[in-house]
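The values are calculated or read from the model by the stated rules, or taken from the named source; none is laboratory data. Since the model is a prediction, treat every value here as computed from it, not as a measurement. Reconstructed Cβ throughout: ideal geometry from the backbone, glycine too, with neighbour counts over all protein chains shown. We work out accessible area using only protein heavy atoms, side chains counted, and drop any ligands, DNA or RNA first. Shrake-Rupley method; radii C 1.70, N 1.55, O 1.52, S 1.80 Å.
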Amino acid sequence: MQLAEFKNEALSDFKGNRQLFRLMQEAVAQVGTELGREYDLVIGGERLKTSGKFSSINPSQKDQVVGVFSKGNAELADRAIQTAERAFKGWARTPVEQRVQLLLRTAEILRRRQYTYAAWMVYEAGKTWPEADADIAEAIDFAEFYAREMVRLGGRQPLPPVPGEKNYLQYLPLGVGVVIPPWNFPLAILAGMTLASIVAGNTVVLKPSSDAPTIAHKFFEVLEEAGMPPGVVNFLPGPGSEVGDVLVEHPRTRYIAFTGSKEVGLRINELAAKTAPGQIWVKRVIVEMGGKDAIIVDSEADLDRAVEGVAVSAFGYQGQKCSACSRAIVLEPVYEAFLEKLKQRVEQIKVGPATEPEPYMGPVINARSHQSILEYIQIGRQEGRLITGGREIPGPGFFIQPTVIADVPPRARLAQEEVFGPVLAVIKAGSFEEAIEIGNNTEYGLTGSVYTQNAQKIAKAAEDFFVGNLYFNRKCTGALVGGHPFGGFNMSGTDSKAGGHDYLLLFTQAKAVAERIDF
Ligand code: NAP
């Protein structure tokens with residue numbers, strides 16, 4: 001099977017292209033008429049309702065319900081795993097070409113619904129138009145990229161010859177995977193972990209985030225339309241705290257693919273390590289967790305570019321990306337000049353409902369997050385000097401001003417803990433070496449960036465800055481599938497490098513076969 005070379009999906013320029021602007025505007029209006037519907041659980045292709053319900057809401061307008069869902073429970077979690085296990089028998093032996101075709105059709109359908117699905121993310125996750133557009137582009141990229149990866153890994157892999165033997169290696173699927181995504185890339189990350197699972201021949205119980213189940217259901221519908229057999233992916237919404245443990249501890253669960261917070265990721269890792277009665281394998285755990293990402297601004301940096309890079313990395317999607325810049329570490333000679341320029345730049349950021357085209361920043365995801373971010377701002381005010389922002393914005397949604405707090409000591413809470421909101425700590429460094437030391441001095445190690453025009457400093461940071469995704473003279477967000485395999489060190493996770501050549505291997509096990517032929 002031969003596929004054209006992988007290319008990233010182009011992003012939509014809503015500002016420069018009136019036609020695309022209108023398409024998105026129409027999609028937002030249309031989806032606005034479809035809010036509040038009820039969606040079922042799906043196990044083995046069968047639609048199911050339960051008496052317990054929960055709703056997702058529009059964080060730009062918190063009294064607006066986006067979708068209503070039946071809550072999964074322990075019994076249905078068990079049934080979903082058993083159903084996925086039955087489906088595994090057939091799916092694991094389905095020719096690789098058919099599994100690859102499923103992904104390609106999925107990409108095609110997603111492309112046709114690009115703006116509609118982007119609009120669902122606008123409503124359910126509070127993504128601004130360009131952020132929602134980038135999310136669906138990434139989901140399409142994952143489908144196209146993992147399809148090609150499976151073509152590469154499918155079939156017999158040659159091994160160095162052994163005299164008198166015929167030998168090869170073959171990648172086999174693992175079994176039933178539990179896929180648990182976060183809300184912040186409600187389509188891309190969910191699609192990435194699910195598609196990697198099934199293209200490799202595994203079957204899945206998908207437990208979406210309770211903050212973004214509608215877009216998850218929409219994705220599930222695409223899989224069905226693309227021809228996925230019943231039971232290959234089973235859709236089980238419900239509170240992580242209620243169904244999560246059952247799925248993770250189940251003896252027939254073969255692996256867990258999780259992206260989310262450190263607390264939940266570590267809990268999953270711990271529970272999965274215990275062997276349940278009847279379990280005959282060591283569960284594999286792929287956990288991608290939080291970050292406390294830093295941008296170092298050197299005294300030899302182009303300061304305007306650095307300010308721009310820090311501003312978009314810190315405040316794009318309201319700072320709710322695992323890759324978001326939450327620490328700017330700035331060299332002393334340019335520290336005050338940087339702060340002055342940054343203040344001016346940040347004060348131009350428009351905050352408002354994500355349904356509108358203009359705002360650069362929408363709302364934060366929910367009431368709990370809103371509260372926790374405001375508490376961190378209070379902590380930050382005590383630990384440092386407020387430069388701009390610092391307040392909630394009254395209105396129908398969870399809006400918070402983009403906030404910059406300077407003079408934060410490197411070991412302060414605001415410099416160490418993941419806030420996951422529009423709050424940037426600025427830290428002063430006396431030397432480039434010290435800046436890297438501060439950069440490395442958290443329990444995380446996800447993304448980092450350095451602005452400098454000095455080649456020696458670039459070489460030093462390339463060696464010493466300990467993060468999974470390191471950038472120079474550009475923002476620390478916006479990893480592209482293929483070009484920027486993504487995943488972090490230390491408490492940022494298991495460094496799975498999503499969207500890279502190593503990723504699908506995590507969803508497979510290799511069988512080495514050798515046959516004596518010299519008699
Ligand atoms: P979260 O609270 O950990 O939730 C993630 C998922 O885990 C949700 O589906 C959640 O379901 C589920 N969950 C909650 N408790 C569970 C349990 N006991 N057992 C099993 N599953 C459980 O994280 P989030 O707020 O959605 O996402 C934000 C976090 O994700 C941040 O820390 C961010 O840095 C991280 N993140 C990391 C990456 C990366 O690639 N490293 C990418 C994106 C985000 P419910 O919604 O039902 O609680």
Under Karplus coefficients 6.51, -1.76 and 1.60, residue-wise ³J(HN,Hα) of segment 16-32 in Hz, glycine/proline x: x, 10, 4, 5, 5, 4, 5, 4, 5, 4, 5, 5, 4, 5, 5, 4, x
Environment charge of Ser299, counting only residues whose C-beta is closer than 15 Å and scoring Lys/Arg +1, Asp/Glu -1: -3
Average accessible surface area per residue within the chain, 1.4 Å rolling probe, Å²: 40
Loop-located GluC sites (Glu not before Pro) in segment 340-410, at most 16 other Cβ atoms within 10 Å (DSSP): Glu347
Long-range amide H partners of Ile387 with built H, under 5 Å: Val404, Ile405, Ala406
Net charge of Cβ neighbours under 14 Å - reference Ala459; Lys, Arg +1; Asp, Glu -1: -3
Distance histogram in 10 Å bins (all Cα pairs of segment 247-294, percent per bin): 29, 48, 17, 5, 1
J(HN,Hα) series, segment 96-104, from Karplus relation 6.51 cos²θ - 1.76 cosθ + 1.60, nearest Hz, glycine and proline x: 3, 4, 5, 5, 5, 4, 4, 5, 5
In segment 1-72, GluC sites (Glu not before Pro) in a DSSP loop with at most 10 other beta-carbon atoms within 10 Å: Glu5
Alpha-carbon gyration tensor eigenvalues x 5, square-rooted, for segment 69-123, Å: 27, 23, 5
Where the Cα pairs of segment 218-281 fall when distances are cut into 5 Å bins, in %: 3, 14, 22, 19, 19, 13, 8, 2
C-alpha long axis of helix 367-383 to longest principal axis of the chain, angle in °: 40
FRET efficiency, Glu108 to Gln2 (Cβ-Cβ, R0 22 Å, nearest 0.05): 0.80
The chain: translational diffusion in µm²/s, Stokes-Einstein, Kirkwood Rh over Cα pairs, 25 °C, 0.890 mPa s: 103
More than 19 Å apart - percent of Cα-Cα pairs taken over segment 291-368: 40
Computed [θ] at 222 nm, helices only, for the chain once each DSSP H run of length n ≥ 4 contributes -39500 (n - 2.57): -12000 deg cm²/dmol
Helix 335-346 axis, angle to the chain major axis (alpha carbon atoms, nearest 10°): 70
Over segment 21-148: Kirkwood hydrodynamic radius from C-alpha pairwise inverse distances, Å: 16.9
Ranked packing of 460-467, 348-355, 250-257, most packed first, by mean Cβ within 10 Å: 250-257, 348-355, 460-467
Per-selection metrics, segment 177-295 (Cα): Rg and Dmax in Å: 14.1, 48
Within-11-Å neighbourhood charge of Gly52 [Cβ basis; K, R +1; D, E -1]: +2
Reduced Cα scattering model of segment 407-511, Debye log10 I(q)/I(0), q = 0.18 Å⁻¹: -0.97
Neighbour cut-off at most 13 other Cβ (10 Å), DSSP loop, trypsin sites (Lys or Arg not before Pro), segment 351-446: Arg391, Arg411
By average C-beta atoms within 10 angstrom, highest first, the peptides 326-332, 58-64: 326-332, 58-64
